[in-house]
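Structure record follows, encoded as structure tokens.
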Amino acid sequence: MAQVSIGKLSDFPDGTPTFAEADGTRLCIVRVGDKVHAICDDCPHAEASLSEGDFLADDLAVECPLHGSAFNLESGDPDAPPATEAVQVFAVTVDGDDVRVEI
Amino acid sequence: MPITLIVGGGMAGRAAALTLRRVGYQGEIILVGDETTPPYDRPPLSKSVIVGKADLDKVIKPALATYAEDGIDLRLGVAVTSADAAAKTATLSDGSEVAWDALVIATGCAPREVPIPGLDKPGVFRITRLDEALAIQEVLSSGPKRLAVIGGGFIGMEAAAAAVAHGHTATVLEAAPEPMARPLGLAVAERVLRWATDRGVEVRAGVGVDEVLGDDRASGVRLADGDIIDADLVICAIGQVPRLELARLLGCEEAAGGIKVDTGMHTSVDGVYAVGDIAAFPSKWADEDRIRVEHAGVAIGHGQTAAEQIATGEGMFEDLPTFWSDQGDITLNMVGVPRPEDEIVWRGDQAIPACTAFYLRDGKLRAAMSVGDMKTLRGVRKLFAAGVSPTAEQLADPDADLAALAAG
Ligand SMILES: Cc1cc2nc3c(=O)[nH]c(=O)nc-3n(C[C@H](O)[C@H](O)[C@H](O)COP(=O)(O)OP(=O)(O)OC[C@H]3O[C@@H](n4cnc5c(N)ncnc54)[C@H](O)[C@@H]3O)c2cc1C
Ligand code: FES
């Protein structure tokens, strides 16, 4: 496991899923206030990029833009079909302005 | 130790096997599938596999090692040929006999037989199994091709749209006057068809196919009106029929063209469950006593429910049926159980498209199909969960927040 820097806090607009790459791993990053969440960007269901989906603040989830399963940013679990598997969740540390993801 | 025998390594059978362990089943699990490929997702076949866009590790899943780790005895390339409800045994095509305490029948569908001469020619493909989809991929990978697709259901339309999006040409041949009218209703089907033709898919509807042409290889088809459609390959996507033979041997009661089950997926025969495409199940979301649907999400839910019943004696399938269809860059997302005669109310922009068609019956919202309009779809899910049905005016009004209406 390695901590990989993916950018500055200000690179990630509040409440907007944003794509990032860390050591070849494709990530969907969502900043909520001063907390930052990271999940795998590839929807476990089919060929969609979760960072192109909407952030659902009430559920703390990112909604897949293709078929609408919403993945919780803490557990990775989908709320409804068609996805049935969880998306991988990565630990994030914010050190000053530096955002690092544990890969 | 109790034994669960699962017949069919498709989407419902796989879900049943994997769920059994997840809910703590201690018995033996035998999963018998007559395909040689390990269990895989079927929906990508007509969308991404045929055009070489799918990651096969994501289609064939989980990894083979998972079955061993979970103690699932996966037997591939073997069919269950008969079963006996009284003796609780089954016979396999390799000659072996298996005793069972619980039997899960997940045999899915077989392609419909159609009496069109020439369907046996090389260059004619079905698209129900992974090996068939990969064979199409091989042909399409060698440069632009002309496809003739017999059958304008979802699968045929998806295959045509995917091929066109990847630089091929495709003509869909549908005997009915309007493709997809049965599952979507005429008004919505017409709109979906227009999105496809706007993107370059050719459609000939209301005319049957008389013959597949070609000497040693398919070179096109001749239509009932005499027209000839030249093609480099022919895809036959004419529909499918549930495989009920085994359940019939066991004496299971039938309904709605399938095997009758309750919400716990029990058939009329003790210890025997039916799941997935073959199951005719009760649904609070439908008017009919039993419905049978050929959708992946439902198949998975059925498999999970049967597993819970076997392991714990509890669990009911009461999910809101959902369905999706990717046709090139157009993705249809359906929730609920529509009927062709339902009244349709639209919201949003059909040109982009970013819109939703609501299906109303006796003034009540029964289903919705969205394209590029996730927010509305999410609102609809909340409406169903809350049991709230807005008025047609509210549904048509893009400013009426459905989630807020659901919250009351
Ligand atoms: C090309 C295609 C695209 C689709 N797209 C979508 C979509 O976009 N959205 C959606 O919701 N649904 C879609 N579906 C439907 C969905 O895939 C099915 O509803 C689902 O696979 C049904 O699951 P099942 O387990 O009942 O049957 P299947 O997945 O068909 O599995 C049945 C398995 O049992 C095997 N079998 C049968 N009899 C025996 C026997 N006697 N012994 C051993 N093995 C046996 C069969 O060979 C097969 O492998 C699509 C289907 C196809 C073919
Ligand atoms: S691709 Fe994400 S839910 Fe289908």
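Using alpha carbon centroids, what distance separates the stretch A:39-85 and the stretch B:386-407, in Å?
With the stretch A:39-85 and the stretch B:386-407 each reduced to a Cα centre, they are spaced 24 Å.
On average, how much accessible surface per residue is there in chain B, in Å², for a 1.4 Å probe, leaving out ligands, DNA and RNA?
Ligands and nucleic acids excluded, the figure is 41 Å² per residue.
Can you tell me the Rg and Dmax of the stretch A:3-102, counting just the alpha carbons, in angstroms?
12.4, 39
Hey, any idea what % of the stretch B:272-403's accessible area is carbon plus sulfur with a 1.4 Å probe?
So the carbon and sulfur contribution to the accessible surface is 47 percent.
In the stretch B:124-238, what percent of the accessible surface is made up of carbon and sulfur (1.4 Å probe, ligands and nucleic acids excluded)?
Percent of accessible area from carbon and sulfur atoms in the stretch B:124-238: 48.
Only loop residues by DSSP count here, and only those with at most 14 other Cβ atoms within 10 Å; note down the GluC sites (Glu not before Pro) in the stretch B:37-141 that meet that.
Of the GluC sites (Glu not before Pro), the ones in loops of the stretch B:37-141 whose Cβ has at most 14 other Cβ atoms within 10 Å are B:GLU113.
Give me, ordered by chain and number, the residues 5 or more places off B:GLN240 or on other chains with an amide H under 5 Å from its own placed amide H.
B:ARG112
Total Å² of accessible surface buried at the A-B contact, 1.4 Å probe, nearest 100?
Buried area between the two chains comes out at roughly 1400 Å².
What residues does the stretch A:57-103 have that are buried by at least 10 Å² of accessible area in the full protein assembly compared to the chain on its own, 1.4 angstrom probe?
Checking the loss per residue gives A:ASP59, A:GLU63, A:PRO65, A:LEU66, A:HIS67, A:GLY68, A:ASP79, A:ALA80, A:PRO81, A:PRO82, A:THR84, A:GLU85.
For chain B, what is the mean residue ellipticity at 222 nm derived from helices alone (per DSSP H run of n ≥ 4: -39500 (n - 2.57); sum divided by total residues; nearest 500 deg cm²/dmol)?
-7500 deg cm²/dmol
Report Rg/Rh for the stretch B:1-150, rounded to two decimals, where Rg is the Cα radius of gyration and Rh the Kirkwood radius.
A ratio of 1.04.
Quick one: which residues, 5+ away or cross-chain, put their amide H under 5 Å from the amide H of B:ILE235? H built at 1.01 Å from N.
Counting only residues 5 or more places away or on other chains, the set is B:PHE125, B:ALA148, B:VAL149, B:ILE150.
Less than 14 Å from a label point 7 Å out along the Cα-to-Cβ axis of A:SER5: which backbone N atoms in the stretch A:75-94 qualify, by residue?
A:93-94
Could you give log10 I(q)/I(0) at q = 0.07, 0.09 Å⁻¹ for the protein assembly as shown, computed by the Debye formula over C-alpha point scatterers of equal weight, without solvent?
Log-scaled intensity ratios, in q order: -0.41, -0.70.
Name the residues of the stretch B:376-401 whose accessible area falls by at least 10 Å² when all protein chains are present instead of the chain alone, probe 1.4 Å?
B:ARG378, B:ARG381, B:LYS382
Taking all protein chains together and a probe of 1.4 Å, list B:ARG182, B:ARG126, B:ARG222 from the most accessible to the least accessible.
B:ARG182, B:ARG222, B:ARG126
I'd like the accessible area for B:LEU246, computed on protein heavy atoms only with a 1.4 Å probe and all protein chains in place. Round to 10 Å², please.
10
With an 8 Å cut-off on Cα pairs and a minimum separation of 6 or more residues, tell me the relative contact order of the stretch B:342-407 in percent.
29
Can you find, among B:GLY185, B:CYS236, B:THR197, the residue sitting farthest towards the positive end of the charge dipole of the stretch B:124-238, where Lys and Arg contribute +1 and Asp and Glu -1 at Cβ?
B:GLY185
Rounded to the nearest 5, what % of DSSP beta bridges with both residues in the protein assembly as shown are antiparallel?
70
Within the stretch B:275-319, name every residue whose backbone N is under 18 Å away from a label modeled 7 Å from Cα of B:ARG361 along the Cβ vector.
Under 18 Å, as judged by backbone N against the label point of B:ARG361, lie B:280-295, B:318-319 of the stretch B:275-319.
Please list 3J(HN,Hα) in residue order for the stretch A:50-59, calculated via the Karplus relation 6.51 cos²θ - 1.76 cosθ + 1.60 where θ = phi - 60°; whole Hz, with x for glycine and proline.
5, 5, 8, x, 9, 8, 9, 4, 4, 9
With respect to the cross-link table entries A:LYS8/A:LYS35; A:LYS8/B:LYS375; B:LYS61/B:LYS88, which display a Cα-Cα separation exceeding 20 Å?
Check vs 20 Å cut-off fails for A:LYS8/B:LYS375; B:LYS61/B:LYS88.
Evaluate the relative contact order of chain B (contact order divided by residue number), counting alpha-carbon pairs under 8 angstrom at least 6 apart; express in whole percent.
15
Placing +1 on the Cβ of each Lys and Arg and -1 on the Cβ of each Asp and Glu in the protein assembly as shown, which of B:MET11, B:GLY156, B:MET1 has its Cα farthest towards the positive end of the resulting dipole?
B:GLY156
Give the ranking of B:ILE352, B:ILE235, B:ILE310 by solvent-accessible surface, highest area first, calculated with a 1.4 Å probe.
I get B:ILE352, B:ILE310, B:ILE235, largest accessible area first.
What is the local net charge at B:ASP232, summed over the other residues whose Cβ is closer than 12 Å to its Cβ (Lys, Arg +1; Asp, Glu -1)?
For residues surrounding B:ASP232, the net value is +2.
What distance in nm separates the simple spin-label points at B:GLU113 and B:LEU64, each placed 7 Å from Cα in the Cβ direction?
Placing both labels 7 Å along Cα→Cβ, they lie 3.4 nm apart.
Longest exposed-loop-site-free stretch of chain A, with GluC sites (Glu not before Pro), DSSP loop and at most 15 other Cβ within 10 Å?
In short, A:1-46.
Let me know the charge dipole size of the protein assembly as shown about its Cα centre in debye, to the nearest 20, where only the beta-carbon of Lys, Arg (+1) and Asp, Glu (-1) is charged.
That gives the protein assembly as shown a dipole magnitude of about 620 debye.
Take every DSSP beta bridge whose two residues both sit in chain B, then give the antiparallel share in percent to the nearest 5.
60
Find the relative contact order for chain A and round it to a whole percent, using C-alpha pairs within less than 8 Å whose residues are 6+ positions apart.
29
Subtracting the Cα-Cα distance from 0.36 nm times the residue separation, let me have the gained length for B:ALA403 to B:ARG22 in nm, one decimal.
Length gained, B:ALA403 through B:ARG22: 133.8 nm.
Quick one: pull the percentage of alpha-carbon pairs in the stretch B:342-407 with a separation above 21 Å.
11
Which GluC sites (Glu not before Pro) from the stretch B:331-402 combine a DSSP loop assignment with at most 15 other Cβ atoms within 10 Å?
Answer by residue number: B:GLU341.
The values are calculated or read from the model by the stated rules, or taken from the named source; none is laboratory data. Note that the coordinates shown come from a computational prediction; the quantities given were computed from them, not determined experimentally. All Cβ positions, glycine included, derive from the backbone under ideal geometry; neighbour counts span all protein chains shown. To get the accessible areas, we keep the full protein, side chains included, count just its heavy atoms, and leave off ligands, DNA and RNA. Shrake-Rupley method; radii C 1.70, N 1.55, O 1.52, S 1.80 Å.
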